[in-house]
Amino acid sequence: MMSTARPVRLRRPELLAVGAATVTVVLWASAFVSIRSAGEAYSPGALALGRLLAGALTLGAICLLRREGLPPRPAWRGIAISGLLWFGFYMVVLNWGEQQVDAGTAALVVNVGPILIALLGARLLGDALPPRLVAGMAVSFAGAVTVGLSMSGEDGSSLFGVVLCLLAAVAYAGGVVAQKPALGHASALQVTTFGCLVGAVLCLPFAGQLAHEAADAPVPATLNMVYLGVFPTALAFTTWAYALARTTAGRMGATTYAVPALVVLMSWLALGEVPGLLTLAGGALCLAGVAVSRSRRRAGAATPGEVVEPRPGSSSRSA
């Protein structure tokens with residue numbers, strides 16, 4: 001009798017990737033709370049440089065302990081581009097943009113990023129755009145729009161601020177798509193460490209501002225800046241790279257739509273900002289969309305980015 005067995009996914013690698021993505025979105029959500037404190041004492045460029053220096057020092061120490069060497073030559077192009085676009089340009093422009101617009105408008109514009117990631121991934125990396133991913137991203141984006149509208153202030157937003165946030169979204173998408181091929185040649189830790197270093201070098205012109213502002217900044221603001229470097233940067237970007245190496249850029253981008261919902265929850269718990277019904281509904285839509293985009297077909301062959309169990313007698317390589 002002919003066997004009709006289909007490929008069986010390996011549960012442990014998949015669970016590890018999902019766990020890494022979960023750590024990333026939780027820490028990135030917590031960053032919005034910390035930025036509120038640090039941003040009151042530090043200018044956009046100084047905050048970005050301080051965050052990247054803290055992250056680079058943390059990652060460098062881990063690399064030394066693990067005896068990680070330099071990334072292979074084929075990985076450097078992706079590392080350099082992601083470092084310039086995502087670690088450097090994105091962080092400065094986003095900090096600047098959030099000072100020009102209210103939080104809701106910033107969230108609306110920046111959440112174009114995951115859509116751009118999926119489109120660029122399909123165009124440049126050959127990633128598939130399965131119906132579940134497209135549908136999930138549509139639901140999540142609707143949720144992000146709902147959260148953004150519920151958080152938008154009445155003072156209006158400057159066109160310049162909106163443009164800055166849009167540039168941040170484009171830089172974020174370009175950085176992610178550039179990072180994906182580099183992960184085929186180097187480890188997640190190597191790609192994150194040297195990408196962070198590239199971003200820190202790009203932000204060195206703000207060193208004078210950082211030194212001047214650090215002398216007058218309150219201790220909580222400086223501690224929040226260090227926290228941003230150690231956890232939402234060093235740890236979260238590494239777990240992101242680990243998960244990205246094991247799935248498509250589009251699916252990872254869709255996962256970040258959980259961030260707005262977590263920001264609402266953390267602001268409620270940490271800052272006492274009670275969300276309205278519209279905000280809660282938007283957060284629920286974000287999470288529902290992520291669930292749809294991360295789901296997979298029960299039958300048939302695995303889609304690109306899925307891990308399948310090798311058949312007996314076939315050779316396999318670790319990811």
| field | Residue check for Ala41: open to solvent by 10 Å² or more (accessible area, probe 1.4 Å), under 30 Å from Cys165 (Cβ atoms), over 20 Å from the mean Cα position of the chain (by Cα) and touching a residue at least 12 places away in the same chain (Cβ under 8 Å) | value | yes
| message | Looking only at the stretch 251-272, how many residues end up being open to solvent by 20 Å² or more (accessible area, probe 1.4 Å) and outside any helix (DSSP H, G or I)? | response | 1
| note | All conditions in (1) closer than 25 Å to Gly184 by Cα; (2) open to solvent by 60 Å² or more (accessible area, probe 1.4 Å); (3) at pLDDT 95 or above are true of Gly78 except (2)
| message | Going through Leu59, Leu53, Leu84 one at a time, which residue ends up being touching a residue at least 60 places away in the same chain (Cβ under 8 Å) and buried (at least 24 other Cβ atoms within 10 Å of the Cβ)? | response | Leu59
| Residue list for the stretch 121-140, filter: open to solvent by less than 60 Å² (accessible area, probe 1.4 Å) and in a helix (DSSP H, G or I) | Gly121, Ala122, Leu125, Leu133, Ala135, Gly136, Met137, Val139, Ser140
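The values are calculated or read from the model by the stated rules, or taken from the named source; none is laboratory data. If you're wondering where the values come from, they're calculated on a predicted model, not measured in any experiment. Cβ coordinates were reconstructed from backbone atoms using ideal geometry, including for glycine residues, and neighbour counts include every protein chain displayed. Just the protein is used for accessible areas: all its heavy atoms, side chains included, with ligands, DNA and RNA removed. Shrake-Rupley method; radii C 1.70, N 1.55, O 1.52, S 1.80 Å.
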